[in-house]
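**Q** This is the structure I want to talk about, given as C-alpha cells.
What follows draws every value from the coordinates through simple rules; no lab data is involved. In this text the structure is predicted, and so the values were computed from the model without any measurement. Backbone-built Cβ (ideal geometry, glycine too); neighbour counts: all protein chains shown.
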Amino acid sequence: MTRFDVALAPQPITSVGDGAIVPIVLCGGSGTRLWPMSRRDFAKQHAPVLGAESPFQETLRRLAANPVFAAPIVITSVAGRFIAAEQAAAVRVGIELVLEPEGRDTLAAATLGALVLAARGGEETLGLLLPSDHLIPDPDAFAAAAAAAAAAASGGDLVTFGLMPRGPATGYGYIRPGATAEKGGFHIGAFVEKPDAARAETLVAEGYLWNAGMFCFKAGAALREIEAHAPGTLRAVRAALDEGGMDLGSLRLGDSYAAIPKTSFDIGVMEKTRRGVVMPADFTWSDVGDWREIWTVSPRDEAGVVTVGDVVARDSRDSYLRSSGRLVCAVGVENLAVIETPDAVLVCPMDRAQEVKALVATLERDGRSEATASARSYRPWGWYQTMDIGPRFRVKRIVVNPGAKLSLQRHHHRAEHWVVVHGTAEVTRDAEVMLVHENQSVYLPLGSVHRLANPGKIPCELIEVQTGSYLEEDDIIRIEDDFGRG
C-alpha cells in the first residue's frame, strides 16, 4: 500500500498512552435533529447537549482514560478544525487533525483513516473507527470491548461492535450474529436497517444486536477490503491525499475529495466482505440522535420533566425544557421539547423529535441563516458572538486566546469601538501600539490599519461595537495574517 511521507501531527499537549489501538474519531456531520443547539457550523458533537462538556470532549476523555488507546486521529471538516482543536485543548488531549473539504460519509472517512493509519504506523497498526458524538458513560467497559474487538481484528477481520439491545428501538440498525469467528466474536449473518416498532421487537427476540457504528481493523486489512469492494473510493481518497498537504499543523485533503460519492462503510464494505465480524458488547450506549433521546438519558424529576438552564415549570409532565440564556416558563405542558437559544426557539412534541431534521431542511430552503449558522463563530485565534444588530450598528463579544492575534486589517465601511472586559489587549492602530486593560476602551476610525492581540496568559475578552454603512465580514482588507488568509 502507498505510504504518505507527511507529518501528520503537531506535538500533543499530553500523551494518552502508547497503546496498541489508534482511535480514528469521526467529527463531521451536522446533527440537524438536535437543532437549534446543533448547526452545520457548530454541530452536535461540539454542542454541550448533555453537560458542561461536548460529546466530542467526552469521547476524548474516554479515550484518554485508558492506556490501551494511542493519541487519536480526528477527521473533521475544514470549517470545524478550530472548534475541534480548541475543545481538545480544553480537556488537554493531544489529537491529529485530518481535514475533509466536505463530508462524504463513512466509507470515504474510513478509507482516509486507514490510509493515514498505515502511513503513520504501518499496515499492521490497529485502528478503532468511532463517532465523536455517542454517549458511553462507562469508559472501562468501553475499553474492554475495544480490546476484545482488537483481538478479533488481529487476524485480519473487520470487526464491528454489536450492542446488547436495551429494548426494541427503531432509531438504530441491527446485526444478526452468525457462526463463531476464529479470533472472537461472530461472523456477520445479516444487517437490518432501522426497523419499525413491530419488526424491532422481533429482531430483539431473535438475538439481533444494535449496530453501534464503531469498527476495529488493521489498516492493511481494511484497505484490502476497500480495494476489493470500493476501489473507486480508495483511488479517489489517495488522489485527494496526494493533492493535499499540511495546513496550520493539520493534514488537509485536496478539493477533489468533495466529488467522492457518499456511501456508508456498512453498505460499501461491511455488507459485502467475507471478513466481517460482530463483537457483542454490553455497555450503556446511545447515539443521542434527537431531543427525545436526550430526554431519555437525562435526569428527570418525579413528573418526568428535564429542565436545563433558567427554566420554571409548573404542572408539566414528560417534557424537556432547556434555556441557553432567557427565562423559559411552562405551565401544563406534556410530552413537549422546548429548546431556547439566542437566535431560535424550537417547540415540538417529543414523539415527533425525528421531524426536526425536515424542519431544518425547510429553513435552509427558505434561506434562513439560523438553519446552519451558530450565533458563535470560531476562528484560529478564538471566537466571536454577535450580541445585537440593527441599522448601522452591530455589537459583538470577542474572545482571543492567550498568545493569539488577529490579522492586521482595515475596513472600508465601518468604524469600531473596543471595550476590554477581561484580560489585556495589545492594540495596533496605524503607527501606534498600546496596551488596553480591563475597563478601558479604544476607538478605531474608519479606514485605520489595526490589529488585536492577546499578550497575556489568560483569554482576553472584549465588547466590539461596529458602526457604519456596511457591517458584513467581507469588509476586511487583510494586510498581514498569521493564518494565511487573504
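**Q** Quick one: length gained pulling ILE479 to ALA303 fully straight, 0.36 nm per residue minus the C-alpha distance?
**A** 57.5 nm
**Q** How high is the relative contact order of the chain? Use alpha-carbon pairs under 8 Å, at least six apart in sequence, and give a whole percent.
**A** 14 percent.
**Q** I need the helices of the chain that pass two filters: whole DSSP H segments spanning 20 Å or more by Cα along the axis, and mean Kyte-Doolittle score no lower than 1.0.
**A** 105-121, 139-153
**Q** Let me ask something else about it. What does the charge add up to near ASP310, with Lys and Arg as +1, Asp and Glu as -1, over the other residues with Cβ less than 14 Å from its Cβ?
**A** Surrounding charge for ASP310 is +1.
**Q** Next question, about the same structure. Under 19 Å from the 7 Å Cα→Cβ point of THR372, by amide nitrogen: which residues of the range 383-414?
**A** 386
**Q** Further, regarding this structure: Would you mind getting me the FRET efficiency between ILE267 and LYS357? Use the beta-carbon distance for r and R0 = 25 Å, nearest 0.05.
**A** 0.80
**Q** Also, I was wondering about something else. Taking 0.36 nm per residue of sequence separation and subtracting the Cα-Cα distance, how much length would be gained by fully extending the chain between GLU432 and ALA141, in nm to one decimal?
**A** 98.9 nm
**Q** Hey, another quick one. Given Cα pairs under 8 Å that are at least 6 residues apart, what percent is the relative contact order of the range 380-480?
**A** Worked out over the range 380-480, it gives 39 percent.
**Q** How big, in percent, is the set of alpha carbon pairs in the range 255-410 lying more than 26 Å apart?
**A** That tail contains 54 percent of the Cα-Cα pairs.
**Q** Rounded if a/c is under 1.5, else prolate if a/b is larger than b/c, else oblate: which is the range 301-366, with a ≥ b ≥ c the root eigenvalues of its Cα gyration tensor?
**A** Oblate.
**Q** State, to one decimal in nm, how far the label point of ALA89 lies from the label point of HIS413, with both points 7 Å from Cα in the Cβ direction.
**A** 3.2
**Q** Could you tell me the calculated FRET efficiency between ARG166 and ASP196, based on Cβ-Cβ distance and R0 = 22 angstrom, to the nearest 0.05?
**A** It comes out at approximately 0.75.
**Q** Then there's this: Mind checking the full-extension length gain between GLU182 and VAL78? Use 0.36 nm per residue of separation minus the Cα-Cα distance, one decimal, nm.
**A** Extra length available between GLU182 and VAL78 comes to 33.3 nm.
**Q** Report, for the chain, the % of DSSP beta bridges that are antiparallel, rounded to 5.
**A** Here the share of antiparallel DSSP bridges comes out near 70 percent.
**Q** Here is a follow-up. Could you list log10 I(q)/I(0) for the range 444-486 at q = 0.24, 0.27, 0.28 Å⁻¹, which the Debye formula gives when each Cα is one point scatterer?
**A** After summing over all Cα pairs, the log10 values are -1.19, -1.26, -1.27.
**Q** Using the Kirkwood formula over every pair of different C-alpha atoms, what hydrodynamic radius in Å results for the chain?
**A** For the chain, the Kirkwood estimate is 24.4 Å.
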